[in-house]
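Report on the following structure.
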Amino acid sequence: MQSRILASDNIVTRYSELFVNRRAYTIQSPTPNKEKHRCYYYRPKEHPSLSRAVLRNHLEGAITIGLYAINPETQRCKWVAIDADYSEALNDLLKLQWELRQDGVDAALEKSRRGGHLWIFAEQPLLAIDCRLYIHNIARRLKVPIKGSILTARSTSETPVLADGIEIFPKQDRLNSGEFGNGIRGPLGIHRATGKRYWFYGADYTLEDQIAYLCRLKRITEDDISGFLSDLSVPDKAPLPAKPARRHVPPSRGRREFFILEHVTGRRRKSGRNYFTRCPSCARQGHDRSGDNLAISVADPRKYRCWAGCTREMIRAALGCPIPTARTHQ
Ligand SMILES: [Zn+2]
């Protein structure tokens, strides 16, 4: 039996500032479900609004709450959490933590029942879609599996999807009115299934030390994230030819550069330094119903990337302009 932990007013305030995106929340059932032995979360009928008293009860261990990632009024989040609970989970989370550090982003690793959660905090709330795109890009760069993503390049309507992999919260790009999206266990509470409190690795195991540690982390800004998204690499093995060399290519033999904006139809939205529009390759497979899987750099529209993982070849083929196989080296 653990000794009772008390949460001061200051701790409750700082916890709320760090984690609460909206007043709706969930409560973890105190008893496991009979078949699956899991403690499910439900939206409380009593006290449906996340008050200081609810937060205090969570931190002191009387109840355990789940937090939603997206504020529906702004479609923004104060944090991004990466959840991993498969066999290589901790390994992958540490890889992600390291890679984020290379971008100057601090991420706090919290234990969980089977793996861990990696948390990143925002200076000001960030658009959910930008957060998701950024983490998807990093995960793909590191070959960390993303749950539910497409397995193979040659996909059919029965595309196999990865059952194991990280989950990124926010799990939605945006919420429609009346939607809540997915919640994640609020950190620093007690997990009902194990009766254990899972702490962050980076600080001593007291509420004061843990919160102080989280408040010290460098937070990601809107400028940071636009910068990261504008660095979307061209997913093409051949490097772009250096500019001066191109002058010597005879016009008749030179291949006209491909500008994807001339080919994609459909609605597109500008966010940060990118346009977002439906990925033609995803669309061909019946995916991307929200119509924003494809990011195209505003500054350099030769750069584009599908966050669901379609290759450049797949996208070009879907547009009816396949990449010629005999590439002219210049
Ligand atoms: Zn795609």
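The values are calculated or read from the model by the stated rules, or taken from the named source; none is laboratory data. Owing to the predicted nature of the structure, the values given are computational and were not obtained by experimental measurement. Ligands, DNA and RNA are excluded from the accessible area calculation, which covers all protein heavy atoms including side chains. Shrake-Rupley method; radii C 1.70, N 1.55, O 1.52, S 1.80 Å.
Side notes on the structure shown:
- Using a probe of 1.4 Å on the protein chains alone, the accessible area found for residue 310 is around 10 Å².
- Computed from backbone phi with θ = phi - 60° and the Karplus coefficients 6.51, -1.76 and 1.60, the 3J(HN,Hα) list for region 170-183 is x, 8, 10, 6, 7, 9, 7, 5, x, 8, 10, x, 9, x Hz; x is used for glycine and proline.
- Extension gain for residue 196-residue 141 works out to 16.4 nm (0.36 nm per residue, less the C-alpha to C-alpha distance).
- Residues whose placed amide H lies under 5 Å from that of residue 64, excluding near-sequence neighbours: 28
- Going by accessible surface with a 1.4 Å probe and the largest first, 132, 140 read 140, 132.
- Taking a ≥ b ≥ c as the square roots of the eigenvalues of the Cα gyration tensor, region 1-70 is oblate, since a/c reaches 1.5 or more and a/b is not larger than b/c.
- When the alpha carbon coordinates of region 65-134 are projected onto the principal axes, the ranges are 37, 31, 17 Å, largest first.
- Projected-area average for region 186-230 over all orientations - Cα convex hull basis, square nanometres: 4.5
- Across 31, 265, 277, the residue with the most accessible area heads the list, and the full order at a 1.4 Å probe is 265, 31, 277.
- Taking the accessible area of region 1-140, probe 1.4 Å, and keeping the other protein chains in place, the carbon and sulfur fraction comes to 49%.
- Remark on residue 69: its backbone amide H falls under 5 Å from those of 182, a criterion applied only to residues 5 or more positions apart or on other chains, H modelled at 1.01 Å from N.
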